[in-house]
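Asks: One structure is given below, represented as structure tokens, and several questions about it will come after.
The values are calculated or read from the model by the stated rules, or taken from the named source; none is laboratory data. This structure is a prediction, so every number in the text was calculated from the model and none was measured. Note: ideal-geometry Cβ built from the backbone for every residue, glycine included; neighbour counts use all protein chains shown.
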Amino acid sequence: MSKISAPRSNREFIEACVKAGDAVRIKQEVDWENEAGAIVRRACELGAAAPFMEKIKDYPGFSYFGAPLSTYRRMAISLGMDPASSLPEIGKEYLKRTNSEPIAPVLVDRKDAPCKENILLGADVDLCKLPVPLVHDGDGGRYVGTWHAVVTKHPVRGDVNWGMYRQMMFDGRTMSGAVFPFSDLGKQLSEYYLPRGLSCPFATAIGLSPLAAMAACAPSPIPEPELVGMLSGEPARLVKCETNDLEVPADAEIIIEGEICPDYKVEEGPFGEYTGYRTSPRDFRVTFRVNCITYRNNATMTISNMGVPQDEGQLLRSFSLGLELEKLLRSQGIPITGVYMHPRSTHHMMIVGVKPTYAGIAQQIAQLAFGSKLGPWFHMVMVVDDQTDIYNWDEVYHAFCTRCHPANGIHIYKNTTGTPLYPYATPHERKYSIGSKVLFDCLWPVDWDKTNDVPTTVSFKNVYPQDIQDRVLANWTAYGYPQTK
Amino acid sequence: MNQWEVFVMDMSELAEGKDLALSIRTLNPGHHKYTYKHVRCQVSSNLDQHPDRLQVRMGRGQLSAAKFSIKVIEEIQRMPAKYA
């Protein structure tokens with residue numbers, strides 16, 4: 001692999017974004033109560049530069065970095081690519097790196113770990129010493145974890161999991177979070193810790209390098225510490241926690257260590273969610289008891305403000321879900337041309353391009369997609385043919401509206417795994433994470449006669465001889481039209 | 001006077017004249033704003049009835065126009081002692 005020059009920490013990433021014009025330094029004081037959240041939200045809705053807020057009310061010495069990966073430009077910067085790289089180019093690079101050899105992390109001494117510059121233990125532990133923001137007015141609490149990694153390890157198998165499970169500050173030593181039963185951590189709790197009444201050690205890492213955050217957000221089967229190495233081209237630097245055996249990113253801005261309580265729950269939510277709504281009900285959820293906080297000098301908290309498109313939850317999750325499904329479908333030998341999830345679908349719709357070489361190929365794709373580990377995160381699959389540009393919504397929408405048979409092309413799957421976050425779900429379905437799925441098959445049936453039954457697409461590219469097309473293009477400005485790309 | 005806030009799904013959860021067990025969060029300014037306590041308390045729509053004020057939000061964060069006074073009788077320790 002050629003040398004990758006990706007930002008190795010949140011601080012390097014901020015500098016790279018500022019240099020590229022993709023982050024702004026905000027010097028004036030910003031309030032942690034709503035104002036910081038409102039700035040991030042507006043930046044997301046405008047697709048504007050990421051706000052680096054250097055002065056936080058009540059919290060001298062701390063700063064915020066909002067909307068870290070809510071544009072493809074910042075995603076390209078995080079990968080060490082040209083910010084102007086196209087989405088297919090970024091996707092190709094992601095696939096290349098994540099199909100390479102795993103790169104194991106290295107354990108560094110605590111003296112070489114910036115996250116150990118300040119350590120709070122015992123009576124000093126108080127989450128309120130951190131500038132935990134009230135992200136949206138009306139949220140159930142101040143959210144510690146919106147762009148972070150919750151680190152856990154399976155006590156028997158040793159599997160390490162970094163997951164982005166939202167965490168609300170309940171009091172100075174307690175957080176509550178949304179951990180869905182189908183998630184890696186949810187399964188770990190239900191299969192091991194809860195039946196035994198044992199606490200599960202955890203560590204929350206905030207202010208990660210952008211590629212560590214990308215790994216925590218990606219639904220990849222590769223252990224996240226190795227995935228970070230593959231994405232960045234060098235081993236991730238980890239350090240032991242102070243109060244448990246977990247290993248955390250040494251260059252993170254803030255580490256919160258503690259235990260997940262098997263026998264105690266406090267309320268969590270409501271919260272503004274990636275779907276663009278507050279949907280999931282306030283409920284008693286997984287509860288995290290904090291035993292230690294460590295942080296860098298002048299620590300920067302990262303904030304993702306989820307809401308209407310587009311924020312990094314939608315953009316990065318769509319990106320990684322789409323590419324992980326692409327890997328899965330290719331591994332099964334299905335002749336796909338690509339997979340794309342538009343972030344504005346709030347990662348609910350997979351668009352799959354395929355060469356329709358046999359009957360039932362769209363159903364096969366949908367069953368694999370919905371039946372995989374990725375499945376609970378989306379509920380629509382749209383399959384188009386290899387002549388349709390999956391990145392061009394105009395083409396996809398045209399295919400959907402004209403080729404998807406209302407009676408034969410829409411396939412519904414009931415009683416699947418869902419999430420409490422689905423805005424369309426009934427209150428009962430939300431409570432029990434019950435879902436439904438739908439396939440939109442936009443392929444011409446293979447048993448139609450290709451000459452007489454399949455309609456001909458009437459477009460400039462498709463119905464005119466090449467010499468006519470060339471002549472028209474060559475004379476376009478001579479006809480009086482402005483030059484087009 | 002302390003300012004508190006509570007989330008309810010239905011206003012009937014705030015029955016007046018009875019001892020209630022609620023999770024309420026402080027709205028007092030400072031570092032601990034929005035942190036919660038489990039309390040045994042009484043509430044009243046008569047704002048002069050009890051010493052503190054209680055603001056109400058509904059299940060999805062909507063602020064209610066209803067205002068209450070509240071008397072916190074005691075803090076309830078629900079958390080097992082082993083986590084203290």
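Asks: Against the conditions (1) under 25 Å from A:R42 (Cα atoms); (2) buried (at least 22 other Cβ atoms within 10 Å of the Cβ), where does A:V308 fall short? Just the number, please.
Replies: (2)
Asks: Here are A:I336, A:I365: which of them is touching a Lys or Arg at 6+ places or on another chain (Cβ under 9 Å) and under 24 Å from A:D449 (Cα atoms)?
Replies: A:I336
Asks: Taking the range A:134-177 as the search range and keeping residues that are under 16 Å from A:N34 (Cβ atoms) and either more than 14 Å from every other protein chain (Cβ to nearest Cβ) or among the aromatic types (F, W, Y) (or both), which one is surrounded by the most Cβ atoms within 10 Å (Cβ to Cβ)?
Replies: In this case the residue turns out to be A:Y143.
Asks: I've got another one for you. Which of the strands (runs of 3 or more DSSP E) contained wholly in the range B:9-78 include at least 3 residues that are in contact with a Cys (Cβ under 9 Å, 6 or more places away or on another chain)?
Replies: By residue number, B:20-26, B:63-75.
Asks: Restricting attention to the range A:71-126, which residues are among the small types (G, A, S), under 30 Å from A:M306 (Cβ atoms) and surrounded by fewer than 14 Cβ atoms within 10 Å (Cβ to Cβ)?
Replies: Answer for the range A:71-126, where residues must be among the small types (G, A, S), under 30 Å from A:M306 (Cβ atoms) and surrounded by fewer than 14 Cβ atoms within 10 Å (Cβ to Cβ): A:A84, A:S86.
Asks: Contact list please: Cβ distance under 6 Å, first residue in the range A:255-280 and at the interface with chain B (Cβ under 8 Å from one of its Cβ atoms), second residue basic (K, R), pairs at least six apart or on different chains.
Replies: Taking only residues 6 or more apart or on different chains, the pairs are A:E259/A:R289; A:C261/A:R289; A:E267/A:R282; A:P270/A:R278; A:P270/A:R282; A:P270/B:R60; A:R278/B:R60.
Asks: Kindly check whether there is at least one residue in the range A:51-69 that is within 21 Å of A:G138 (Cβ to Cβ), in a loop (DSSP other than H, G, I, E, B) and within 19 Å of the chain's Cα centre (by Cα).
Replies: Checked the range A:51-69: at least one residue is within 21 Å of A:G138 (Cβ to Cβ), in a loop (DSSP other than H, G, I, E, B) and within 19 Å of the chain's Cα centre (by Cα).
Asks: Can you find a residue in the range B:58-77 that is within 9 Å of the chain's Cα centre (by Cα) and either within 14 Å of another protein chain (Cβ to nearest Cβ) or modelled with pLDDT under 95 (or both)?
Replies: No, the conditions are met nowhere in the range B:58-77.
Asks: May I pose another question? Being within 12 Å of chain A (Cβ to nearest Cβ) and touching a residue at least 24 places away in the same chain (Cβ under 8 Å) is the filter; apply it to the range B:35-55 and report the residue that is nearest to A:G172 (Cα to Cα).
Replies: Among those residues, the one meeting the criterion is B:K37.
Asks: Name every residue in the range A:442-458 that is surrounded by 11 or more Cβ atoms within 10 Å (Cβ to Cβ) and not aliphatic (A, V, I, L, M), in order of residue number.
Replies: Within the range A:442-458, A:C442, A:W444, A:P445, A:W448, A:T457 meet the criteria.
Asks: Separate question: Does A:L231 qualify as being closer than 22 Å to A:F288 by Cα, in contact (Cβ under 8 Å) with a residue 40 or more places away in the chain, in contact with a helix residue (DSSP H, G or I) (Cβ under 8 Å, 6 or more places away or on another chain) and of a type outside the set (S, T, Y)?
Replies: No; evaluated as a whole, the condition is false for this residue.
Asks: Which of the residues that make up the range A:165-189 are under 19 Å from A:P201 (Cβ atoms) and of a type in the set (D, E, K, R)?
Replies: Within the range A:165-189, A:R173, A:D184, A:K187 meet the criteria.
Asks: Please enumerate the residues belonging to the range A:32-70 that are loosely packed, with under 15 Cβ neighbours inside 10 Å and without any contact (Cβ under 8 Å) to a residue 60 or more places away in the chain.
Replies: Matches in the range A:32-70: A:R42, A:L46, A:K57, A:P60.
Asks: If you take the residues in the range A:445-485 that are of a type in the set (F, W, Y) and under 41 Å from the mean Cα position of the chain (by Cα), which one is nearest to A:H405 (Cα to Cα)?
Replies: A:W448
Asks: Another one. From the set of residues in the range B:2-16 that are in contact with a strand residue (DSSP E or B) (Cβ under 7 Å, 6 or more places away or on another chain) and away from every other protein chain (no Cβ under 12 Å), which is nearest to A:V144 (Cα to Cα)?
Replies: Here the answer is B:W4.
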